[in-house]
Amino acid sequence: MHAQYEITVIIPTFNEEVNIANIIEAVNSILSANNICGEILVIDDESRDKTIRIVQDLTLKFNNLKIIVRHADHGLSQSAVEGFKQANSDIFLVIDADFSHPPVLIPRFYDEIKKGADIVIGSRYTRGGGVKQWPLKRRVLSLGATGMGRILFPGITDPVSGFFALRKEVISGAQLHPRGYKILMEVLGKGRWKSVFEIPFTFTDRQHGESKLTSCIISDYVKQILIITEYSLTSRNNQVWNEWKKIIKFGFVGLSGVLVNIGFLYLFTEYMGLYYIIASIVAIEISILSNFLLNDCWTFKLKDEVDSYTQNRFQRFFSFQCVSIIGLIINIGILYFLTDFFGIYYLVSNLIGIFIVFFWNYLINRHVTWKL
Ligand code: GDD
């Protein structure tokens, strides 16, 4: 059967009476200015204000507009999934009602999908993107959420964006059960896709109404990360599993480096009589070298189908060396900062430092040293 529209713009709403008419008008005029035959689906979760009435009235003016009011299992992500089910096209785009996401970019999303991308993401964290008017707390939370998501989906800078488009095939047959706000994570984790394209945009905090982001939604997010990780490890979604295998191997190599370091420190000090600070510097260097070789030949070993890394082995060693030394400095900085400024017990501060530096080392090495 032929799809009725070229794109379906899904707008989840809850109490958006001040924004909804404007966003519908804006989306419609952008679609028609670009000759895109699109439908607009408003998915509402029983708003208590006039949102539903306003949209119903507008359906008389726009025959490509439809509203679906959900009466159970309320939530932004669940509403997006309902939108996917009800869509009459093969391309879906999700956008907030409150102009946090600029509707003028819709034609670019559409074009990129037409050019071949499976998923197109509006990213706040790629070059050219950003956030405006966010309080510090929200920035920190958002960076934490995107950081966790990036470990699962390396190469994607904003895996928790609420502004994205996808082809229908990506999710056909997938069992989507998202909670909270992070519908895109669910799509990335359970969908079938090969190519993702990111479009930078500046997230502008809403001028009218309130964000519905609560601490409950944040805990839902952490649960969702765990569910998607488990799903990815037990399903055919090899991309995520391969990444976790690399992280685990990188961890083992790091542990082996600690043993090498202690062994050589002992040898140089006890048997060769070297001053312990000098012995320690040499032992650190040897452990960096052994870590590098193990990572190069094991953790990041090239598969047959991949050509080569952008840097040769010497350059990779130099890069690994720099990352390791900066990592050491960060570790000492965190140890000092947490212990002296926050009064945290120094062994605990050290553990936190090791944990953070482990991911720092992994991510930078993965994307710089062993860049394909
Ligand atoms: N149907 C439905 N049900 N819609 C909802 C619900 C709900 O329970 N909660 C919020 N919405 C709608 C709002 O009406 C708005 O259109 C959109 O979802 C975003 O809601 P906000 O509450 O303003 O979101 P935010 O600005 O805090 O969060 C934004 O940034 C996140 C990334 O930091 C959104 O874009 C999220 O999608 C995004 O993940």
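Using Cβ contacts closer than 10 Å as the measure, can you line up Trp244, Trp370 from fewest to most?
Values: Trp244 14, Trp370 20.
With the sparsest Cβ surroundings first, the list reads Trp244, Trp370.
If the cut-off is 21 Å between C-alpha atoms, which lysines fall inside it for Lys182, apart from same-chain ones fewer than 8 positions away?
Partners found: Lys85, Lys132, Lys137, Lys168, Lys190, Lys194, Lys212, Lys223.
Per residue and in cubic angstrom, what volume does the convex hull of the Cα atoms of segment 87-218 have? The partial results should precede the final answer.
Numbers: hull volume 15.6 nm³, N = 132.
For segment 87-218, the hull spanned by Cα atoms encloses 118 Å³ per residue.
In square nanometres, what is one fourth of the surface area of the convex hull spanned by the alpha carbons of segment 26-165?
On the way: hull surface 40.2 nm².
If I average the Cα hull's projected area over directions, I get 10.0 nm².
What is the order of Phe355, Phe84, fewest Cβ neighbours within 10 Å to most?
Working: Phe355 12, Phe84 22.
Least to most surrounded, the residues fall as Phe355, Phe84.
If you take the Cα Rg of segment 321-368 and divide it by 2.2 N^0.38 Å, with N the number of residues, what do you get? Walk me through the intermediate numbers first.
Values: Rg = 11.3 Å, N = 48, 2.2 N^0.38 = 9.6 Å.
Output field value: 1.18.
Using DSSP H assignments, which helices in the chain have an axial alpha-carbon span of 18 Å or above and a mean Kyte-Doolittle hydropathy of -1.0 or higher?
Flagged H segments are 20-33, 136-152, 215-234, 238-266, 276-294, 313-342, 346-364.
Please report Rg over Rh for the chain, where both radii come from the alpha carbon positions and Rh follows the Kirkwood definition.
1.06
Find which of Ile54, Ser29, Val18 sits farthest along the positive direction of the dipole of segment 11-60, computed with +1 on the beta-carbon of Lys and Arg, -1 on that of Asp and Glu, about the Cα centre.
Ser29
If you project the alpha carbons of segment 1-107 onto their three principal axes, what span does each projection cover, largest first, in Å?
35, 29, 26
Every number here is computed from the coordinates shown, using simple stated rules; none is lab data. Predicted model, so just to flag it, every value in this text is computed and none were measured. Cβ atoms come from the backbone with ideal geometry, glycine included; neighbour counts cover every protein chain shown.
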